[in-house]
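A quick write-up on the structure given underneath.
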Amino acid sequence: RSWTGAAFQEHRTAAACSATLRALVEARAPLDLIAGFARFPLDELVHVELCARMAMELGGGTELWHERSALCADADAALPPLLRACELVVRNFCVGESLSIPMLHGAWVRATHPLPRAVLGRIVRDEAAHGVFGWTFLDWALPLLPPEGPDLIRATATAAIAEIKRLWEDIRARPPVPRATADALGWMSSDDYLKLAARALQRRVLEPFAQRGIRLGKA
């Protein structure tokens, strides 16, 4: 079930990358930024296949219901192109991908079975570029933003973090699971996961925003 969920999340991220790529082109971002980003949707589709194959190796994919028309959130169509790009990059990369990398790395460190370790290692290597992209984009975009731009970035980041924290509360409410042979697949206990997630939020998200003059509060 977990690997099926991971495949679905990678599928959602592929959709988010595709939406962001269009926004970058419309915002006339530098060509080197766009060209470097253009491989991200393909990276995510590779991750979909890897996670799906892992699920099949473990006995088969599980049922997962979702609304196809709500696969990923798009930017506000009323915004000008640069602000639309900012909204998507902040939500999907400055917050989403920046947090996912240390969590994936933590799972890779814990994995002892060679197959999931190889799968997680491939994903972590690909995601490294995804995690720094958001900050590279902001360094280019911030001097060009209209006065309302920083407020939009702050509101978008705050909303994205709140959504992630709701997921953490769900994890915190689950009963503890004893360590078992499944640890070989890279699973973390809830306590380990939440501690790593809180550190990652502070170091990978809040501090980089603060360095750019956008303060969001404490983790």
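The values are calculated or read from the model by the stated rules, or taken from the named source; none is laboratory data. Predicted model, so just to flag it, every value in this text is computed and none were measured. Every residue, glycine as well, gets a Cβ built from its backbone with ideal geometry; the counts of neighbours run over all protein chains shown. To get the accessible areas, we keep the full protein, side chains included, count just its heavy atoms, and leave off ligands, DNA and RNA. Shrake-Rupley method; radii C 1.70, N 1.55, O 1.52, S 1.80 Å.
Observations on the model:
- Conditions (1) in a helix (DSSP H, G or I); (2) small (Gly, Ala, Ser); (3) open to solvent by less than 40 Å² (accessible area, probe 1.4 Å): number failed by GLY60: (1)
- Figure legend. Inter-residue proximity from the range 13-33: first residues among the acidic types (Asp, Glu), second residues open to solvent by 20 Å² or more (accessible area, probe 1.4 Å), beta-carbon distance below 6 Å, spacing 6+ or different chains. Indicated pairs: GLU26/PRO81.
- Of the residues examined, LEU45 is one that is open to solvent by 20 Å² or more (accessible area, probe 1.4 Å), free of Cβ contacts under 8 Å to residues at least 40 places away in the same chain, touching a helix residue (DSSP H, G or I) at 6+ places or on another chain (Cβ under 6 Å) and farther than 25 Å from PRO208 by Cα.
- Residue count, the range 122-139 (criterion: closer than 18 Å to ALA55 by Cβ and open to solvent by 10 Å² or more (accessible area, probe 1.4 Å)): 1
- First in the range 131-147 and within 14 Å of PRO30 (Cα to Cα), second anywhere and among the polar types (S, T, N, Q) and open to solvent by less than 10 Å² (accessible area, probe 1.4 Å), Cβ under 7 Å, 6 or more apart: GLY134/SER98
- Restricting the range 204-219 to residues that are outside any loop (DSSP other than H, G, I, E, B) and touching a residue at least 40 places away in the same chain (Cβ under 8 Å), the residue that is surrounded by the fewest Cβ atoms within 10 Å (Cβ to Cβ): PRO208
- Restricting the range 140-173 to residues that are among the basic types (Lys, Arg) and more than 16 Å from ALA75 (Cα to Cα), the residue that is most open to solvent (accessible area, probe 1.4 Å) is ARG166.
- Where helices (runs of 4 or more DSSP H) fall entirely within the range 68-168, those with at least 3 residues that are more than 15 Å from the chain's Cα centre (by Cα) and modelled with pLDDT of 95 or more are at 81-89, 114-141.
- Selection from the range 26-42 of residues that are part of a helix (DSSP H, G or I), over 17 Å from THR13 (Cβ atoms) and open to solvent by 80 Å² or more (accessible area, probe 1.4 Å): LEU31, ASP32
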